[in-house]
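The values are calculated or read from the model by the stated rules, or taken from the named source; none is laboratory data. On a predicted model such as this, the values are computed, not experimentally measured, just so you know. Here the Cβ positions follow ideal geometry from the backbone for every residue, glycine too, while neighbour counts run over all protein chains shown.
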Amino acid sequence: MAQATASTAAKASYQQTMPTTAQVHPTFTAAKKDPKLANNWKAKTAQELTDAEVLAMPDSEYMNEKQMAFFRLKLVQLKQDIHNSAGETTEHLREDTVVVPDPADRATIEEEHALELRTRDRERKLLKKIEQSIARIDAGDYGYCDETGEPIGVGRLIARPTATLSLEAQQRRELKQKMFGD
């Protein structure tokens, strides 16, 4: 009887600590626009704009020339950062080709190399998305959902400059993938 009571108490405490589905999925709250920054974009170039200033721009100015130039700079900088880290990886892998006699140390080094190469592979895939996003800017399609044609939103684009779907379309796609698989 004591064992049954203990297991019931353990289950109760475990269920209390388990997150509910409402806690697992974060709710999206729109980024707040700072009214003090609403007109700062008019006097600045795209290079001088900050994320907050672009976010504070009025909705009527969505994907104007300055926003397009701002996101192009953001994407080009991201691309350059990826290329720089790829160069660092090449140098790092060349330096670490020393033969280590201890099998545990060798396994650790090989695992670190594998992790670094996986990271670079993900960045390689991101480079393709960056190139596609720059092409979309050139075509004038950047900032609009591929599925619905609605604006993606400046806040989402600041967080993920390679986004091609609005938040709602992305949520629908993820739900379909969860329900039906890939």
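The table below gives the values:
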| quantity | calculated |
| --- | --- |
| Tally of residues being within 14 Å of the chain's Cα centre (by Cα), surrounded by fewer than 17 Cβ atoms within 10 Å (Cβ to Cβ) and touching a residue at least 60 places away in the same chain (Cβ under 8 Å) across the stretch 117-160 | 0 |
| Subset of the stretch 161-182 that is in a loop (DSSP other than H, G, I, E, B) and free of Cβ contacts under 8 Å to residues at least 12 places away in the same chain - its residue that is nearest to Thr50 (Cα to Cα) | Ala163 |
| Unmet requirement for Thr148, which otherwise passes all of (1) polar (S, T, N, Q); (2) in a loop (DSSP other than H, G, I, E, B); (3) modelled with pLDDT under 90 | (3) |
